[in-house]
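The values are calculated or read from the model by the stated rules, or taken from the named source; none is laboratory data. Just so it is clear, the structure is predicted and the values come from calculations on it, not from any experiment. Here the Cβ positions follow ideal geometry from the backbone for every residue, glycine too, while neighbour counts run over all protein chains shown.
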Amino acid sequence: MPEIPDSHRDLLHATVATFATIGPDGRPQQTVVWFHEDGDTVALSLSASRQKTKNLVARPQCSLLIIDPNSPMRYLELRGDAEITADEDYAFAEQVGLKYSANLRDYDAPGDARLKVRIVLSRVNAVDMRG
């Protein structure tokens, strides 16, 4: 599995990233998301009812783009496949919530389920074009 280089690991603490999935029509769907460092990759806490979650169930291919907020010519792109697991007790959602000082339950509809989506990396692009 590709590794995130030390030169770009600081971006794993960024506030938001752009997450891309493949929609039912075969076209990309992008969403700004919260994320959490998960060992050598990242994971997201997603509601099971969202379109991006449905996209991942149908096609697990995905990409996460993290842009350096201080220098947009420096970024980290993580490509891979989604590994989806239930987060019934909200344990992972609470970890994400700590990073963002938020209770993710507040974003869910009644009866909605929470999932942990870990990106199993197939490619890492660490780019720095600052010169």
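Here are the numbers for this structure:
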read-out	value
Flag for R74 being exposed (fewer than 12 other Cβ atoms within 10 Å of the Cβ), among the basic types (K, R) and more than 23 Å from R114 (Cβ to Cβ)	no
Sole residue being surrounded by 15 or more Cβ atoms within 10 Å (Cβ to Cβ), in contact with a strand residue (DSSP E or B) (Cβ under 8 Å, 6 or more places away or on another chain) and modelled with pLDDT under 95, chosen from D87, D108, D112	D108
Test result for R118, out of contact with any His (no Cβ under 8 Å at 6 or more places or on another chain), in contact (Cβ under 8 Å) with a residue 12 or more places away in the chain and among the basic types (K, R)	yes
Residue tally, condition surrounded by fewer than 18 Cβ atoms within 10 Å (Cβ to Cβ) and either touching a residue at least 24 places away in the same chain (Cβ under 8 Å) or among the basic types (K, R) (or both), over segment 91-101	3
Residue in segment 42-61 that is within 16 Å of A93 (Cβ to Cβ), out of contact with any strand residue (DSSP E or B) (no Cβ under 7 Å at 6 or more places or on another chain) and small (G, A, S) present	yes
Extreme residue, farthest from L46 (Cα to Cα), among residues of segment 66-105 that are in contact with a Gly (Cβ under 9 Å, 6 or more places away or on another chain) and not hydroxyl-bearing (S, T, Y)	M73
Filter result for D68 (touching a Phe, Trp or Tyr at 6+ places or on another chain (Cβ under 7 Å) and among the acidic types (D, E))	yes
Single residue of segment 21-62 satisfying the filter (of a type in the set (A, V, I, L, M) and exposed (fewer than 14 other Cβ atoms within 10 Å of the Cβ)) that is nearest to the chain's Cα centre (by Cα)	V32
